[in-house]
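Please read through the structure below; I'll follow up with questions.
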Amino acid sequence: MSNKVIIEVRINEYTMRDVNPNVPYSPAEIATQALECWREGASVIHYHARDPQTGAPASDPQLYADTVHRIKDKSDLITMPTLGAWWMPSPEDRIAHILEMAKDPMTKPELGPIDMATSNVDLFDPEAKQFETNETVYVNTTKTWQFFADTMKSVGVKPIQALWHIGSVRATQAFVEMGLFEEPLYCEVVLTEGGMLAGH
């Protein structure tokens, strides 16, 4: 019997077009690339909403919803938008777009990621051999994890665990024992490159 494989595509993260001119910014661009991947066998799409003109990280629920609507209209891809990260003012703000999207079956995501760690995420310039920033902390307290898990489950979105280190694994196991995460789990391993958040 052959093993089944789930292919997840992470469309754009935080990379800009000066690094890669093919990075999609707008909902139409993200959806177009997602559908191309789906036709090649991808099952899950993870994406970050971006300002359609500048590519800056965006938190507008309409940008997130428009992307999912375009994807669901033409495919059965499982969608997983990102949560707002360290630049968002509160946990409530970080998850607001998912709650808004969940109100409509055509924009409701199936999955929502939770980063099971608090980490330094400063940018390192390998050519200059120095950090571009040195005080950027991605804060995810245990209380925040619990809030995200409870809130996602309340609107029918499955929480997905992003594992950064062994502490993430132990915290995830504790949440399973508490009944906040239901097995089977679909976990992601977060890798970093050059001191910068790469996996999520």
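Sort out for me the helices (runs of 4 or more DSSP H) sitting completely within segment 24-139 that have 1 or more residues that are closer than 19 Å to P159 by Cα and open to solvent by less than 50 Å² (accessible area, probe 1.4 Å).
Passing ranges, in order: 61-72, 91-101.
Something else about it: Inside segment 157-171, can you point out the residues that are in a helix (DSSP H, G or I) and closer than 13 Å to N140 by Cα?
G167, S168, A171
Continuing with the same structure: Does F148 satisfy being out of contact with any His (no Cβ under 8 Å at 6 or more places or on another chain), more than 27 Å from Q62 (Cα to Cα) and among the aromatic types (F, W, Y)?
No; evaluated as a whole, the condition is false for this residue.
Examine segment 117-124 for a residue that is within 16 Å of the chain's Cα centre (by Cα) and without any contact (Cβ under 8 Å) to a residue 40 or more places away in the chain, and state whether such a residue exists.
yes
Is there a residue in segment 173-195 that is assigned to a helix (DSSP H, G or I), of a type outside the set (A, V, I, L, M, F, W, C), surrounded by 19 or more Cβ atoms within 10 Å (Cβ to Cβ) and modelled with pLDDT of 95 or more?
Residues of segment 173-195 that are assigned to a helix (DSSP H, G or I), as a first pass: 173-178.
Subset that is of a type outside the set (A, V, I, L, M, F, W, C): 173, 177.
After this cut, where a residue has to be surrounded by 19 or more Cβ atoms within 10 Å (Cβ to Cβ) as well, the list is none.
Looking for residues that are assigned to a helix (DSSP H, G or I), of a type outside the set (A, V, I, L, M, F, W, C), surrounded by 19 or more Cβ atoms within 10 Å (Cβ to Cβ) and modelled with pLDDT of 95 or more, one finds none in segment 173-195, hence no.
Would you check which residues across segment 53-90 are at pLDDT 95 or above and over 25 Å from E36 (Cα atoms) and list them?
Those that are at pLDDT 95 or above and over 25 Å from E36 (Cα atoms): none in segment 53-90.
Still on this model: Out of segment 54-80, which residues are among the aliphatic types (A, V, I, L, M), free of Cβ contacts under 8 Å to residues at least 40 places away in the same chain and closer than 14 Å to E29 by Cβ?
Across segment 54-80, the qualifying residues are A58, L63.
For a quick check of your reading of the model, give me the residue pairs whose first member lies in segment 130-149 and is touching a residue at least 60 places away in the same chain (Cβ under 8 Å), whose second is charged (D, E, K, R), with beta-carbon atoms closer than 9 Å and at least 6 apart or on different chains.
Hits for this filter: F131/D122; F131/D125; F148/R94.
Here's another thing I want to ask about it. Of these, A34, A96, A28, A49, which one is more than 24 Å from C187 (Cα to Cα) and not polar (S, T, N, Q)? Quick ask: steps written out before the conclusion?
Details: A34 fails: more than 24 Å from C187 (Cα to Cα); A96 fails: more than 24 Å from C187 (Cα to Cα); A49 fails: more than 24 Å from C187 (Cα to Cα).
Of A34, A96, A28, A49, the one residue that is more than 24 Å from C187 (Cα to Cα) and not polar (S, T, N, Q) is A28.
The values are calculated or read from the model by the stated rules, or taken from the named source; none is laboratory data. Fair warning: this is a prediction, and the values are worked out from it, not measured in the lab. Don't worry about glycine lacking a Cβ; one is built from the backbone with ideal geometry, like all the others, and counts go over all protein chains shown. Side chains included, ligands, DNA and RNA excluded: accessible areas come from the protein's heavy atoms. Shrake-Rupley method; radii C 1.70, N 1.55, O 1.52, S 1.80 Å.
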